[in-house]
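These notes are about the structure you will find just below.
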Amino acid sequence: RAMGLLTKGTPLSWDETVPFLDYIKKHGIAQFINLYHRLKGREGDQLRWGDEIEYTIVKFDHENKKVRASLRAEELLDRLIAGEEVNNLVGTANKFLWRPEFAAYMVEGTPGVPYGGLLACFNVVEANMMERRAEVQKLLKKDESILSISLPSIGTRDFTLPLHKTTPHDPTSAGKSIFFPDDVIFGGHPRYKNLARNIRGRRGEKVAINVPIFKDKNTPSPFIEDLSEYGEPADFAAALPDHIYMDHMGFGMGCCCLQVTFQATNVNEARWLYDQLTPITPVLLALSAATPIFRSYLADVDSRWDIISASVDDRTAEERGLVPLQTPGRWKITKSRYDTTDCYLYPCSAKYNDVPLQMDDAIYAQLKEGGIDEHLSKHIAHMFIRDPLQVFRERIEQDDTKSSEHFETIQSSNWMNMRFKPPPPDAPEIGWRVEFRPTEVQLTDFENAAYCCFVVLLTRVIISFRMTYLLPITMVNENMKRAQKRDAVLNQKFHFRKGLSTCKSSPEGGNGQCDGESQGEIAEMSIKEIICGNGSDFPGLTSLIRQYLDSADVDVDTRCTISQYLSFIEKRASGQINTLAHWVRDFVNEHPAYKHDSKVPDEVTYDLLKKMNNISNGLDHCPNLLGSYRSKTDNLIPSAVRRAEESLVMMQKKRPH
């Protein structure tokens, strides 16, 4: 889950958690060691994958030209999950599953069962997303809508229905925000408010998010917002000139995103995929840019990534390097717990790990003594410099041979661009998985399906052709920074492997030792060159996917749909079609109520979301955003295609290796 482990119980405050920190970490590591050795020999899992899409529920006030976040997620989820439970009782498969998210205006939807390895599955993804959206729409009231976007007016006055007031000076307040009321946090599970409270408790103060303002022709310079109507000067002392200031976890975790998780054949393949996809994450972040407005101001960035990073930054002043380190067992930590990964996992990738890793020597020793190899031990030990933020009183004592809860409470609150996911101890049908996490959610189901299918097909290319895209970690970090800049897809260059690099080391059941790697020169390339090729020594990612598909037996409709997705992505990479962020900027810029001062009035937001709603529901079409694509998606895989593909899979399994 994007928000981590959902467990029932009585959550502890930060002060109540502190005495148990060492105990939880020690037992979390013991749980991982037990789990790893029990399941490290698991082999032969098929590709299974699924997407997670987060949605915002909005209410249009047509009379006053205002759109608000509708805080009905709990009520909607009660009805949606009740439907799941009825299906479970009568033995009917669920087409989708629904879960809560951080804000009371958000819901998260996933396919009811993972998609399989059949290529024809790519033709049902979009249809499932369309049905998913329709399932919620049936439960909405008049003038309500479900949109797969991050609301641009989060934290403005009167941005929710019902209206709630902020309580920055209430000692019981979770976030103490001057913009984001605690009652806008999802109330159906205690973890969310407690998470906000404990991040603030551990940090020693409320979070501070400062996003560079976009300087339009009438924007004051320096831009210094008068925040006196929101609170006292001490309440916004962390605000910086020329920045949009925000002060609550909800500004990040209240944004929506798109994530894809896939199952690997075994643990080595999962580690290999984790590494190979890590350099791809900035490419998808730039390609999917969708979030240029925060608190109704135009920002000089196009994505949510750094905003979420700052919204959950629980590092103390010592750890942030603001005051000298004095607390024993603490380090200066360069990043928030929501940020880019700091190391690769596969043994032959280690030479690209050029970022010094802080880690607790005792935890690293515990892992090594427990028989975990050096590279995985470093990854886990580095994650465990973070403290658990969510501890439940009833769940402190556990059987480390059967539970992985203490491990997961830290693992699931290290929110990185990639996540390596061991199998759950109590779900024998689930194998070693990798989660791809940077992509911004898109407005339409066509776009979301296109990005999901692109990433999953890329995993097939990486495995089939043994492609390697590895870069030094410092270059991945730099690429992630560049990917968030305004119009990065058009204007930025990214470090990338110039030639076709392959690695002879096979993760399929081997020991992960590298037998050699064809060196491809690392160059700075545009997103267009990375996706479409540079016309000389790099063919482009979509060309490699087409080569893979040419070698596979794909039915006509599925090939047509995939071709539409790849062509769409190529046009977005080349700038022929706008990113959502660019399209939103153009819409605001051309609106008569916008005064070119970076401030987005309610009327503009209302018209923008009305247009977005019409586009996402198919009532309006915008070629600048979507081109003229129509896929042949279908909610059923034709039985003849399924039989043909399944027989092909069985034949491949019978071949001697």
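The values are calculated or read from the model by the stated rules, or taken from the named source; none is laboratory data. For clarity, every value in this text was computed on a predicted model and none was experimentally measured. Backbone-built Cβ (ideal geometry, glycine too); neighbour counts: all protein chains shown. Calculation scope for accessible area: heavy atoms of the full protein, side chains included, ligands and nucleic acids excluded. Shrake-Rupley method; radii C 1.70, N 1.55, O 1.52, S 1.80 Å.
Run down the lysines and flag those whose C-alpha is under 21 Å from the C-alpha of Lys632, throwing out any fewer than 8 positions away in its chain.
Result set, ordered by chain and number: Lys95, Lys571.
Run through the stretch 190-287 and list the trypsin sites (Lys or Arg not before Pro) located in a DSSP loop whose Cβ has at most 10 other Cβ atoms within 10 Å.
Numbers: sites: Arg191, Lys193, Arg197, Arg200, Arg202, Arg203, Lys206, Lys215, Lys217, Arg271; in loops: Lys206, Lys215, Lys217.
In loop regions of the stretch 190-287 (DSSP not H, G, I, E or B), the sparsely surrounded trypsin sites (Lys or Arg not before Pro) are Lys217.
Which value, in debye to the nearest 20, gives the size of the charge dipole of the stretch 84-190 about its Cα centre, when Lys and Arg are +1 and Asp and Glu are -1 at the Cβ?
Numbers: 10 positive and 13 negative charges, 27 e Å.
For the stretch 84-190, the charge dipole is close to 140 debye.
Please work out the C-alpha center-to-center distance from the stretch 371-402 to the stretch 189-224 and express it in whole Å.
So the separation of the two Cα centres works out to 29 Å.
Let's see if you can work this out: charge +1 on each Lys and Arg Cβ, -1 on each Asp and Glu Cβ, no other charges. What is the dipole magnitude of the stretch 16-124 about its Cα centre, in debye to the nearest 20? Display every interim value, and only then the final one.
Values: 14 positive and 16 negative charges, 49 e Å.
Its charge dipole is roughly 240 debye.
Report the calculated FRET efficiency for Glu16 and Gln46 (r = Cβ-Cβ distance, R0 = 45 Å), to the nearest 0.05.
Numbers: r = 44 Å, r/R0 = 0.98.
Between Glu16 and Gln46 the formula returns 0.55.
What whole-number distance in Å separates the alpha-carbon centres of the stretch 577-616 and the stretch 158-172?
27 Å
Long-range amide H contacts for Glu440: which residues qualify at under 5 Å (H placed 1.01 Å from N, peptide plane, sequence gap of 5 or more or a different chain)?
Long-range HN contacts for Glu440: Ser288.
Once the dipole of the stretch 167-238 is set up with Lys and Arg at +1 and Asp and Glu at -1 on Cβ about the Cα centre, which of Val211, Ile199, Phe223 lies farthest towards its positive end?
Farthest along the dipole direction, towards plus: Ile199.
Which FRET efficiency, nearest 0.05, do Tyr23 and Lys351 yield, Cβ-Cβ r, R0 45 Å?
On the way: r = 36 Å, r/R0 = 0.81.
Computed FRET efficiency for Tyr23 and Lys351 comes out at 0.80.
Quick one: how many Å² of Asp586 are accessible to a 1.4 Å probe, rounded to 10?
The accessible area comes out at roughly 60 Å².
In the chain, what percent of the accessible surface is made up of carbon and sulfur (1.4 Å probe, ligands and nucleic acids excluded)?
Numbers: 12720 of 25040 Å².
Reported share for carbon and sulfur atoms: 51 percent.
Expressed as a rounded percentage, what relative contact order does the stretch 213-292 have, with Cα pairs under 8 Å and six or more residues apart?
On the way: 20 pairs, mean separation 16.9, N = 80.
That works out to 21 percent.
What is the spin-label model distance, in nm, from Thr474 to Ser567 if the labels are put 7 Å beyond Cα along the C-beta direction?
Taking the simple label geometry, Thr474 and Ser567 are separated by 4.4 nm.
Tell me, in nm to one decimal, what length is gained between Asp550 and Lys481 on full extension, where the rule is 0.36 nm per residue of separation less the Cα-Cα distance?
Here the answer is 21.3 nm.
Among all helices in the chain defined by DSSP H, which have a length of 20 Å or more along the axis from Cα atoms plus a Kyte-Doolittle mean of at least -1.0? Could you put the intermediate results ahead of the total?
Values: long enough: 21-39 (27 Å, -0.14); 73-90 (26 Å, 0.13); 445-465 (29 Å, 1.35); 556-574 (27 Å, -0.23); 602-616 (21 Å, -0.66); 639-654 (22 Å, -0.58).
Within the chain the helices that satisfy the rule are 21-39, 73-90, 445-465, 556-574, 602-616, 639-654.
Within 10 Å, at most 11 other Cβ atoms, and a DSSP state outside H, G, I, E, B define an exposed site. Report the longest part of the chain free of exposed GluC sites (Glu not before Pro). Working shown, then result.
Numbers: sites that count: Glu63, Glu229, Glu397, Glu429, Glu521.
Excluding the exposed sites themselves, the longest stretch runs over 230-396.
At a probe radius of 1.4 Å, what is the per-residue accessible area of Tyr192, in Å² to the nearest 10?
Surface open to solvent at Tyr192 totals about 0 Å².
Report the one residue of Ile396, Thr459, Thr409 whose Cα lies farthest in the direction of the positive end of the charge dipole of the stretch 376-459 (charges on C-beta: Lys and Arg +1, Asp and Glu -1; origin at the Cα centre).
Thr459
How many Å² of accessible area per residue for the stretch 363-445, probe 1.4 Å?
On the way: 2500 Å² over 83 residues.
Result: 30 Å² of accessible area for each residue.
What do you get for Rg/Rh over the chain if you use C-alpha atoms and the Kirkwood form of Rh? The partial results should precede the final answer.
Details: Rg = 24.0 Å, Rh = 25.5 Å.
Taking Rg over the Kirkwood Rh, I get 0.94.
For Arg315, tell me the accessible area in Å² from a 1.4 Å probe, rounded to the nearest 10.
Estimated to the nearest 10 Å², Arg315 gives 30 Å².
How do the peptides 555-563, 298-306 rank, highest first, by the average count of neighbouring beta carbon atoms within 10 Å per residue? Intermediate results must be reported in sequence, preceding the final value.
Values: 555-563: 19.6, 298-306: 24.7.
Peptide ranking by packing, descending: 298-306, 555-563.
Taking only protein heavy atoms and a 1.4 Å probe, what accessible area per residue, in Å², does the stretch 213-361 have with all protein chains in place? Before the final figure, lay out the partial values.
Details: 4690 Å² over 149 residues.
On a per-residue basis, the stretch 213-361 sits at 32 Å².
For an R0 of 22 angstrom, estimate the FRET efficiency from the Cβ-Cβ distance between Lys504 and Ser543 and round to the nearest 0.05.
On the way: r = 23 Å, r/R0 = 1.03.
Rounded to the nearest 0.05, the efficiency is 0.45.
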